[in-house]
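Here is the structure we will look at, set down as structure tokens.
The values are calculated or read from the model by the stated rules, or taken from the named source; none is laboratory data. Computed from a predicted structure; not experimentally measured. Positions of Cβ are generated from backbone atoms using ideal geometry, with glycine treated the same way; all protein chains shown enter the neighbour counts. Please note that ligands, DNA and RNA were not included when accessible areas were found on the heavy atoms of the full protein model with its side chains. Shrake-Rupley method; radii C 1.70, N 1.55, O 1.52, S 1.80 Å.
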Amino acid sequence: MKSVMRNHSAIRTFVILGLTGDPQLEILAFIFLLIAYMFSVIGNLTIISLVLVDSHLKTAMYFFLQNFSFLEISFTTACVPTYLHIISSGDKTITISACFSQIFFIILFGATEFFLLAVMSYDRYVAICKPLHYMSIMNSRVCRNLILCCWVSGLLIILPPFGLSLRLEFCDTVIDQFFCDASPILKNSCSDTWFIEQLIVFSGVLTLIVTLVCVVLSYIYIIGTVLRFPSAQQRKKAFLTCSSHMIVVSMTYSSCIFMYIKPSAKDEVAINKGVSLLPTSVAPLLNPFIYTLRNKQVRQSFYDTFKRLANVSKKF
């Protein structure tokens, strides 16, 4: 018995299998992930910078969009660079402490993003249903408090299962994913993980239901209000202001539900690695384009800022 316990305690690293075992496909995966990561960081940093420098974007909507872009950068940075390093170095091992750090930040940023999407839907509700009171309701103090609530909620969601997981002992090292995820980590444990698994499912479902209810209720009221607008032009304009957010919400919920609302980790359920690429790499890449291409103010701000930079460079 003591020998078995020593073997368990001797495990200090996990092995990340990654997206594929084929070296040629791994090179393609490296190129795709590197390009997607670079463009997602550049795109989201562009939105953050535009909101900082453009006075026309100093409203609650763009304040939340700026924070959303920061979360997108943080989320993809927590996932992708580690795997890029694994491919480039050929060393597939990761220490248990590094693995737990990665999963902590992935879930923290992911959960916070869900709550922020709910806040953004409420912001759209106030803008369309109570336009005359929008500036007074969504003032800077309220916006800061809502952002703080998102972060605190994300932290409260992850702390209970994460704290319990730190006490686990492991008798296997393989993680069949390209980043550290809860399910393969629990599979590697020789401890009883039933309670932790139920807590993870409860936390995931709670986050999903609470945020989804906020989103759905907001858009029910928005649709009801918009349909009462007298002109078709007003209705079209109102729906356009919400379309970017609706697309992002649809992408986020549809992809993450497959990643985090799963059956028992002890079951032999294959994780869809293609689906996991959507929130970790593809969505952070697409979201800046979704918001800029469908938002006239952001496009105009981008063009104006680009012109100013071009004029400054000509002087030198």
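Highest mean packing first, where packing is the average number of other Cβ atoms within 10 Å per residue, the peptides 179-189, 76-86 line up as 179-189, 76-86. For the chain, the 222 nm mean residue ellipticity estimated from helices alone, with every DSSP H stretch of n ≥ 4 adding -39500 (n - 2.57) and the total spread over all residues, rounds to -26000 deg cm²/dmol.
Protein heavy-atom accessible surface, 1.4 Å probe, per residue over the stretch 13-296: 48 Å². Each Lys and Arg adds +1 at its Cβ and each Asp and Glu adds -1 at its Cβ; summed about the Cα centre, the chain shows a dipole of about 1480 debye. Compared with the dominant principal axis of the Cα atoms in the chain, helix 296-315 is inclined by about 90°.
For Phe306 and Ser243, a Förster radius of 25 Å and the Cβ-Cβ distance give a FRET efficiency of 0.55, rounded to the nearest 0.05.
In this simple spin-label model, placing a label point 7 Å from the Cα along the Cα-to-Cβ direction at both Cys190 and Ile27 gives a separation of 4.1 nm. The angle between the Cα long axis of helix 140-165 and the longest principal axis of the Cα atoms of the chain comes to about 10 degrees, rounded to the nearest 10. Calculate the length of the line joining the C-alpha centroid of the stretch 178-208 to that of the stretch 82-130, in whole Å. So the two Cα centres are separated by 16 Å. Distance between the modelled labels on Arg235 and Ile223, one decimal in nanometres: 1.3 nm (7 Å Cα→Cβ projection). Summary of the geometry: the stretch 217-250 and the stretch 11-73, compared by the centres of their Cα atoms, lie 28 Å apart. From the list (1) 24; (2) 11; (3) 5, can you say which value of percent of Cα pairs over 37 Å apart was derived from the structure given? Step by step, percent of Cα pairs over 37 Å apart for this structure corresponds to label (1).
Considering only protein heavy atoms and a 1.4 Å probe, what is the carbon-and-sulfur percentage of the accessible area of the stretch 148-192? Of the solvent-accessible surface of the stretch 148-192, carbon and sulfur hold 63 percent. Distances between placed amide hydrogens fall under 5 Å for Val174 paired with Val15, all partners being 5 or more residues away or on another chain.
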